[in-house]
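Novice: Got a structure for you, questions after.
The values are calculated or read from the model by the stated rules, or taken from the named source; none is laboratory data. Note that the structure is predicted; figures quoted are calculated from it, not measured. Reconstructed Cβ throughout: ideal geometry from the backbone, glycine too, with neighbour counts over all protein chains shown. What goes into the accessible areas is simple: the full protein's heavy atoms, side chains included, and nothing from ligands, DNA or RNA. Shrake-Rupley method; radii C 1.70, N 1.55, O 1.52, S 1.80 Å.
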Amino acid sequence: MVNPYSILDKVAQLKLDAAELYLKEWRNTTLESKNRQVESIDVCRGSGIGLRLLKDRRLGFSFSTSLSEKSIDELIENAFISSHSVDEDEWVDIPSKDSTEFGVRSGEIEIYDEEIDKISEEEMIKYALLLEESALTADKRIKKVRKAVASFSVLYTTLLNTRGVDVSYKSTIASASIMVVAESNSPRPDSQMAWEFDTQRFVDKLDFKRVGADAASLAVALLGAEKAPSGKVSVILSNKVAVEFLAVVAPALFADNVQRGKSLFEDKVRAQVAFHGLNLWDDGTITGNIGSAPVDDEGVPMRRKLLIEDGILKGFLHNTYTAKKGGTASTGNAVRGGINGLPTVGITNFYIEKGKRTRYPLTADISNGIYITDTMGIHTANPISGDFSVGVSGFWIKNGVIVHPVREAVFSGNIFDMLQKINDIGDDLRFYGRIGSPSISLSEMDISGQ
């Protein structure tokens, strides 16, 4: 990597109010297994740098994927020129090392696995094949694996600015995802599909065999699915499905959306917005989690934030810009899509705190309802209004017992109303990437079936 201090030395000659460098170097290998052999291996390496300049309340920005001396000079020139082509903005800022009163350093956060950094291609192939094989051998009714993908990444991040922020860290990610098809001719011809995935910072925490077997188990369990009856019924969301809905809720807690009037949570701080037993956290300090790091993407230390406590909204997620505009401090939630983007507001590890009941006691309370294990079309949910109508599959519950699988049902409603209709929370908290949730029980939701 280029010496970032030498770049700041060049930038200092421009006599700016502040400057910031964001450097990334990455290495990723993705393998796809098909028909019990690795069909493709894709290796990607890269590096780049993003530069922000602040002068007279104007923010300049530029990025480069080349780190040659000529490219660096062009990077600085382009950022300087861009700062003269934008309007003044009183809220733009670059954080200083000691300017974040909310920022509390939590000590060493373990997010780097040397085993992933040094893993051989042979070992990666072994994991990819194990993922597919575990699904194919789980049950004779598994006839096809549509896609089995294993991925291994190493990232190096450096954040350096003229106000004292100087942070470098390494991180790793291993992931597995699989989609399988189960087929049966009894009691009638049927075919069902299921998928599963997992992402971990440490390869020994990622159980490739379990991911494949779980996908197979769900696909087989859905064979013989019937159409669900229509009506207002009780609903249980599996932890995976709850995570999908929580991803739609998250933007309503971003301060930039609140400040633009694009959140239904606007003006609801200290109001009851969810089930009284729900606690919702954003915590970038959890060792080993995908959303954890020493600092956010502006260099503000990560911290633990309780956003909803006992159903009451406590506050929103901020980066430096929204915090200054809102007269508060950054919560350490600046995120970037890469070196080519400016910091926005986003989540770290965003999750609903687990409850005390297992899934089956949750179903025991239901006289008539559905346990949803998969959704189709969650991306169509409106993140501003919260309205949704999605296809779902899962299992019908009668008098506390799962009686048969269901398919082609439609689950509709409003996500923000749904938060109020939670009546219990399971103890099976699981993270899928940056978002985690236990199973959730809901009352009186609309299901359309036959």
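Novice: Quick one: length gained pulling Asn399 to Val167 fully straight, 0.36 nm per residue minus the C-alpha distance?
Specialist: Difference between extended and current length: 77.9 nm.
Novice: To the nearest 10 degrees, how steep is helix 69-83 against the longest Cα principal axis of the chain, on a 0 to 90 scale?
Specialist: 90 degrees
Novice: How big is D, in µm² s⁻¹, for segment 92-205 by Stokes-Einstein at 20 °C and 1.002 mPa s if Rh is the Kirkwood radius over C-alpha pairs?
Specialist: 120 µm²/s
Novice: Now, a different point. Which residue, Ile378, Asn349, His318, has the largest displacement toward the positive end of the dipole of the chain when charges sit on each Cβ (Lys, Arg +1; Asp, Glu -1)?
Specialist: The Cα lying farthest towards the positive end belongs to Ile378.
Novice: Please state the charge dipole magnitude for segment 1-120, taken about the Cα centre, from unit charges on C-beta atoms (+1 on K and R, -1 on D and E), reported in debye and rounded to the nearest 20.
Specialist: Using Cβ point charges on Lys, Arg, Asp and Glu, segment 1-120 gives about 340 debye.
Novice: State, as an integer percentage, the relative contact order of the chain based on alpha-carbon contacts under 8 Å between residues 6 or more apart.
Specialist: 16 percent
Novice: Let me ask you something else. Using +1 on the beta carbon of Lys and Arg, -1 on that of Asp and Glu, and nothing else charged, what's the dipole of the chain about the Cα centre, debye to 20?
Specialist: Its charge dipole is roughly 840 debye.
Novice: So what is the relative contact order for segment 128-228, in percent, with contacts set as C-alpha pairs under 8 Å and at least six apart?
Specialist: 31 percent
Novice: Between beta-carbons, use under 11 Å as the cut-off and find the net charge around Asp374, counting Lys and Arg +1, Asp and Glu -1.
Specialist: 0
Novice: Continuing with the same structure: Given a 1.4 angstrom probe, what's the average accessible area per residue across segment 143-262, in square angstrom?
Specialist: Accessible area per residue, segment 143-262: 38 Å².
Novice: Work the Kirkwood hydrodynamic radius out for segment 162-293: mean of 1/r over every pair of different alpha-carbon atoms, inverted, in Å.
Specialist: Taking every pair of different Cα atoms in segment 162-293, averaging 1/r and inverting gives 19.4 Å.
Novice: Here's a follow-up. Please get the size of the charge dipole for segment 191-288, origin at its Cα centre, with Cβ charges of +1 on Lys and Arg and -1 on Asp and Glu, quoted in debye to the nearest 20.
Specialist: Magnitude of the dipole: close to 220 debye.
Novice: I want to verify a result. In a Gaussian network model of the chain, Cα cutoff 10 Å, which of these has the top mean-square fluctuation: Val406, Val86, Val233?
Specialist: Per the Cα network of the chain with a 10 Å cutoff, Val86 tops the list.
Novice: Roughly speaking, what is the stretch gain from Ser68 to Asn28, that is 0.36 nm per residue apart minus the C-alpha to C-alpha distance, in nm to one decimal?
Specialist: 12.1 nm
Novice: Next up: Hey, quick one: spin label on Asp117, modelled 7 Å out along Cα-Cβ, who in segment 272-311 has an amide N within reach, i.e. under 16 Å?
Specialist: 288, 294
Novice: Under a crude label model (7 Å from the Cα following the beta-carbon direction), how far is Lys268 from Leu306 in nanometres?
Specialist: Each label point lies 7 Å from its Cα, and together they span 2.0 nm.
Novice: How are the C-alpha pair distances of segment 308-450 spread across 5 Å bins, as whole percents from the shortest bin up?
Specialist: 2, 8, 13, 18, 19, 15, 10, 7, 5, 3, 1
Novice: Further question: Remind me, relative contact order of segment 211-349 in percent, using alpha carbon pairs under 8 angstrom and six or more residues apart?
Specialist: It comes to 22 percent, rounded to a whole number.
Novice: I'd like the carbon and sulfur percentage of the solvent accessible area for the chain, probe radius 1.4 Å, heavy atoms only, ligands and nucleic acids excluded.
Specialist: 48 percent
Novice: Which lysines have a Cα lying under 20 Å from the Cα of Lys70, excluding residues fewer than 8 positions away in the same chain?
Specialist: Partners within reach: Lys10, Lys24.
Novice: Compute the angle between helix 208-221 and the longest alpha-carbon principal axis of the chain, please, reported from 0 to 90 degrees and rounded to the nearest 10.
Specialist: Helix 208-221 sits at roughly 40 degrees to that axis.
Novice: Moving on. Calculate, in nm to one decimal, what Ser367 and Glu90 gain on full extension: separation in residues at 0.36 nm each, minus their alpha carbon distance.
Specialist: Result for the pair: 94.0 nm of gain on full extension.
Novice: On the Cα set of segment 1-129, report Rg and Dmax in Å, please.
Specialist: 20.5, 61
Novice: Right, something else. Using only the alpha-carbon atoms, how far is helix 239-249 inclined from the longest principal axis of the chain? Give it as 0 to 90 degrees, nearest 10.
Specialist: Taking the Cα atoms of the chain, the angle to 239-249 is about 50 degrees.
Novice: Distance from the Cα centre of segment 282-358 to that of segment 181-243, in angstrom?
Specialist: About 31 Å separates the Cα centre of segment 282-358 from the one of segment 181-243.
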